[in-house]
Amino acid sequence: MSISAHDERQTFKGRRILVGVTGGIAAYKSAELVRMLQKAGADVHVCMTEAATKFITPLTLETLSGNPVRQNIWDLRGDSSIAHTEWGRDMDAVIVAPATADFLGRLANGLADQLLLNVLLASRMPVLLCPSMNDLMWANPLVQQNVERLAELDRFRVLSPGVGWLACGVVGAGRMPDPADIVDAVARQLRDNDLEGQRVLVTAGPTREHFDPVRFLSNPSTGRMGFALAYAAWERGAEVTLIAGPTSVPAPTHVETRHIGTTEELLRAVSEELPRCNLLLMAAAPVDFRPEVSHEHKQKKGSGMSAVALQPNPDVLKAVAELEHSAFVVGFAAETQEFERNAVQKVRRKQMDLIFVNRVGAQAASTGFSSTTNAGAIIDSDGRLIRQVELGPKVAVAHTLLDEAIRRMNR
Ligand code: CTP
């Protein structure tokens, strides 16, 4: 699952997106794609080829997009005599999903015998092509040559088809990517990629310290804030590595994820990844203590165990401060009281460049551990309050925090 499936973002507000649908069985997924874009705030317009209308009706896409579906060059005659080249020019982006072998071949050769081809040839907007077809067709060198030819041009991005169960009854490469992944890819295309060429390391979620195989010390962190940060950094063009503790919330699909269990494992993973990173976003909630003894077998009720002796865990950020690295370090503080005072102490003690502090606990349902929203304050390394961040979806909060981090990294 991608972030778009469970979180709101601002990227599509006020954007005009053209969805081109060509004639393949995956056209049924275009309905979900149009709905998702519309829900994300985009003004969605649809152009179908005649073959696409054999798989899904224009009425379905018209209802979901809230705009008339265009199909035919000759239908546009009433709008203006040159509507076939003008319509669609003011779109912010185009997605062709599914893009059939036939359509890719025509586009790669500059043909214009359909409205969608006319619109693409007579414009400059970025185009995301989502090929979908039979696996042998996709592997065919003729199709691959056409795809390579298109991908060489800056304007066209090709989202390679996934491997899976195909409508022709075989498992292979040819599946149209999930609509949520297509939406994310367009979001990345539309965003100012101010983290392009940067490597970002994000930690997320809790750690677990077992005292027997079925019992452990932990905290209610879900990883949502860290996942939102990883997604937001990816959307801004970064190469992202995510180190995630155990949680039932799915991590974003586009970033490389390393799974860890304990705080010591988290420290090892961060120490390995950090030297090649430019930015560390330390959103994990590591457990500060671990049991002195971790029993090999489950402890029985009658075993007489009445207390668990604890020993301190390493502090990952403090250890990072001793490492040789040049990354900009952003830490987090989740507090139940003395909010800014605690954050100022932490930013200094752990030598962070920036800290984001938010409220947790019974009085803070909208900013707490399992919430999909957050709000708080950003404080710099001198303990100065940079800005208050209003309540919003975690992805929006993540972007605000990245704005501040990037501004300081570029100084
Ligand atoms: N952190 C860390 N290693 C730990 C504990 C926390 O690197 N063992 C990091 C967190 O990822 C976060 C920051 O330090 O970015 C502050 O975490 P927090 O739990 O609020 O701070 P603690 O130092 O554990 O202080 P306390 O629990 O006393 O509030």
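A short reminder: the numbers here are calculations on the coordinates, not readings from a lab. This is a predicted model, so every value here is computed, not measured. Here the Cβ positions follow ideal geometry from the backbone for every residue, glycine too, while neighbour counts run over all protein chains shown.
Observations, loosely collected:
- Here the Kirkwood formula, the inverse mean of 1/r across different C-alpha pairs, assigns the range 92-153 a hydrodynamic radius of 11.9 Å.
- For the range 199-409: relative contact order, % (alpha-carbon pairs under 8 angstrom, 6 or more apart): 20
- Less than 5 angstrom separates the built amide H of A333 from those of F356, V357, N358, all sequence-distant by 5 or more or on a different chain.
- The H on the amide N of F216, modeled in the peptide plane, is under 5 Å from the matching H of F211, each at least 5 residues off or on a different chain.
- Near K298: Cβ cut-off under 11 Å, other residues only, Lys/Arg at +1 and Asp/Glu at -1. The net charge is +1.
- The label point for K300 and the one for H259, both projected 7 Å from the Cα toward the Cβ, are 3.2 nm apart.
- Spin-label proximity, K318 to the range 248-284 - amide N less than 19 Å from point 7 Å beyond Cα toward beta carbon: 262-271, 282-284
- Amide H partners (placed H, <5 Å) of T57, local residues excluded: none
- Tail weight of P(r) past 23 Å, computed on alpha-carbon pairs of the range 199-409, percent: 45
- Least to most buried among M125, M91, M282 (fewest other Cβ within 10 Å first): M125, M91, M282
- Centre-to-centre separation between the Cα atoms of the range 107-136 and those of the range 182-221: 35 Å.
- A Förster radius of 60 Å combined with the Cβ-Cβ distance from E62 to S326 puts the calculated FRET efficiency at roughly 0.65.
- Net length available on complete extension from R276 to R35 is 82.8 nm, with 0.36 nm assigned per residue and the Cα-Cα distance removed.
- Relative contact order of the chain, pairs being alpha-carbon contacts under 8 Å that are 6 or more residues apart, as %: 12
- Taking other C-beta atoms within 10 Å as the exposure proxy, H254, H295 rank H295, H254 from fewest upward.
- Charge dipole (debye, nearest 20) of the range 6-190; +1 at Cβ of Lys and Arg, -1 at Cβ of Asp and Glu: 140
- Taking the helices alone, the chain has a mean residue ellipticity at 222 nm of -9000 deg cm²/dmol, built from -39,500 (n - 2.57) per DSSP H run of at least 4 residues and averaged over all its residues.
- Taking a straight line from the alpha carbon of K300, these aspartates and glutamates sit under 17 Å away, with near neighbours fewer than eight places off in the same chain left out: D212.
- The percentage of C-alpha pairs in the chain whose separation is greater than 41 Å is 28%.
- Paramagnetic reach from D154 in the range 89-112 [backbone N under 17 Å; point 7 Å along Cα→Cβ]: 93-94
- Counting 0.36 nm for each residue step from L111 to E50 and taking away their Cα separation leaves a gain of 20.4 nm.
- Kirkwood hydrodynamic radius (C-alpha pairs) into Stokes-Einstein, the range 85-241, 10 °C and 1.306 mPa s, D in µm²/s: 87
- Among the listed pairs K29/K54; K298/K346; K346/K394; K298/K318; K13/K54, those beyond 26 Å (Cα-Cα): K298/K346; K298/K318; K13/K54
- Formal net charge of residues neighbouring N410 (Cβ-Cβ distance under 12 Å; K, R +1; D, E -1): 0
- For the range 211-282, applying the loop criterion from DSSP together with a ceiling of 10 other beta carbons within 10 Å to the chymotrypsin sites (Phe, Trp or Tyr not before Pro) yields no site.
- Percent of C-alpha pairs per 5 Å bin, the range 6-190, short to long: 1, 8, 18, 22, 22, 16, 9, 3, 1, 0
- Estimated FRET transfer efficiency (E86, Q144; beta-carbon r; R0 30 Å; 0.05): 0.35
- With the highest mean first, a sort of the peptides 373-383, 303-313 on other beta-carbon atoms found within 10 angstrom per residue produces 373-383, 303-313.
- Cleavage-rule hits, GluC sites (Glu not before Pro), the range 318-397, DSSP coil, Cβ neighbours within 10 Å at most 12: E324, E338
- In terms of other Cβ atoms within 10 Å, R15, R124 run from fewest to most in the order R124, R15.
- Charged neighbours of N278, selected by a Cβ distance under 10 Å, balance to +1 (K, R count +1; D, E count -1).
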